[in-house]
Amino acid sequence: MNYYLEDKKLIIKIDSLFVKTIQEFLDAYIPSKRIQHLLIQNKWLTMDNNPVKRQDDICGLNLEIELYPSMHEYKPSYNKIQAVYEDEIILVVFKPKGVLVHSDGGTEETLSDMVKDYYIDKPYIDVQPVHRLDKETTGLVMFSKSEIFQPLLDKLMAQSQIRRQYLAFVKAKVNEETFTINKPIGKDRHDSKKRVVSRNGQSALTKFRLLGSKNGISVLRCILDTGRTHQIRVHLSSCGYPIINDDLYGVRDKALVRMGLIGDILDFYHPLKEENMEVECELPNDMAKLVNEVL
C-alpha cells in the first residue's frame, strides 16, 4: 500500500490497493463494525475528497481517512518514556521494571500514563496498548496511535502476527538446545497473584532455545505461541528452571538487579506497509553484563 500523512489524514493511493469496493476495503483494514459505521456516517473516509458509501467501487486517485478524528485530555508525567519505534499508527516503547502497562484500579502511574504524556502536545492521538507485560518484566510494548486502526492491530495480535520474543535468565543448568513446553495454565486457587499448570487451565505453548549456560545460570530465548498471564514464568518454573529474582516463581540472585525476563524483540506484520518488521531494544546494563559472562 502506498500512503502518506497529510495533516491528520492518511492519504492512500488507490492504484496500490487490491480491493475493489469500499466495503471490501473496510473488511480488509477495519475489522470493527462500529468504526466502519463511524467512518461512513461521519465522513471520516472519503474518495478524492468526496463522501463514500459501502457499495461504491474504488476508483480515482486517493482514499482519505481521518486517522486521528477525536481529541483527548492527557495529564503530564514526571516519568518520560523511551520510544524505540514510531510511525503513523504504531508506537513501540521500552517498559521499565516495576511499572504496570495499564491501571489495575490503583493510583500508581502506569506506562499508559507516561505514553499519554509523550503526546500531551498532540491530544488528537489516541494511544492504547496492543498487549501487556507483567509489572516486573522489562521490555517492549506496542501501542496503537489511532482508534481507526486499533481493531486491526488487535486482530493481528489475536492471529499471532504480532510476535513477542523474550530472554529469560534462569538459575539452572539447561542441557537441551531447544525444547517446547505445552502445558495449560490456570489460576492458583490458594494465591490470587499466582498462576499454575492446571489440566483445567487455558492452553499455553512456549518455545525455548538455549543461548548459553555457565556457573549455574542459563540464558534462554523464549517465543510465545499463546499469551497467558505469567506464561513463561510458570512454564519454566514447572520444569525446574526458575527465573532469577522472580518473586512468585523464581529464586533470588545478585547477578541481576531486576527479574530475569525481558521482552526484547517484537516482530510483526505491518498492515499499512504490508511487510514484516522487527523491533529490538538494547539490554539493560545488568542483563547485558550477564549475557556476556554466560555466552
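The values are calculated or read from the model by the stated rules, or taken from the named source; none is laboratory data. Only a predicted model underlies this, so the values are computations on that prediction, with no experimental measurement involved. Note that each Cβ is placed from the backbone with ideal geometry, even for glycine, and that neighbours are counted across all protein chains shown. Calculation scope for accessible area: heavy atoms of the full protein, side chains included, ligands and nucleic acids excluded. Shrake-Rupley method; radii C 1.70, N 1.55, O 1.52, S 1.80 Å.
Here are the numbers for this structure:
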| quantity | calculated |
| --- | --- |
| Number of the exception - Thr206 against (1) at negative phi; (2) open to solvent by 10 Å² or more (accessible area, probe 1.4 Å) | (2) |
| Subset of region 227-256 [among the charged types (D, E, K, R) and over 20 Å from Lys207 (Cβ atoms)] | Asp247, Arg252, Asp253, Lys254 |
| Criterion: of a type in the set (D, E, K, R), in contact (Cβ under 8 Å) with a residue 40 or more places away in the chain and either part of a strand (DSSP E or B) or open to solvent by 10 Å² or more (accessible area, probe 1.4 Å) (or both) - qualifying residue of Asp286, Asp253 | Asp253 |
| Set Thr107, Thr178: member being at pLDDT 95 or above and among the polar types (S, T, N, Q) | Thr178 |
| Qualifying positions in region 214-231 - out of contact with any helix residue (DSSP H, G or I) (no Cβ under 6 Å at 6 or more places or on another chain) and either part of a loop (DSSP other than H, G, I, E, B) or open to solvent by 40 Å² or more (accessible area, probe 1.4 Å) (or both) | Asn215, Gly216, Ile223, Asp225, Thr226, Gly227, Arg228, Thr229, His230 |
| Flag if Asn292 is out of contact with any helix residue (DSSP H, G or I) (no Cβ under 9 Å at 6 or more places or on another chain) and more than 30 Å from Ser146 (Cβ to Cβ) | yes |
| Any helices (runs of 4 or more DSSP H) falling wholly within region 1-119 and containing at least 1 residues that are farther than 30 Å from Asp247 by Cα, of a type in the set (Gly, Ala, Ser) and open to solvent by 10 Å² or more (accessible area, probe 1.4 Å) | 22-29 |
| Every pair of residues 6+ apart whose Cβ atoms lie under 6 Å, when the first sits in region 171-183 and is within 9 Å of Cys239 (Cβ to Cβ) while the second is outside any strand (DSSP E or B) and at pLDDT 95 or above | Ala172/Tyr241; Ile181/His235 |
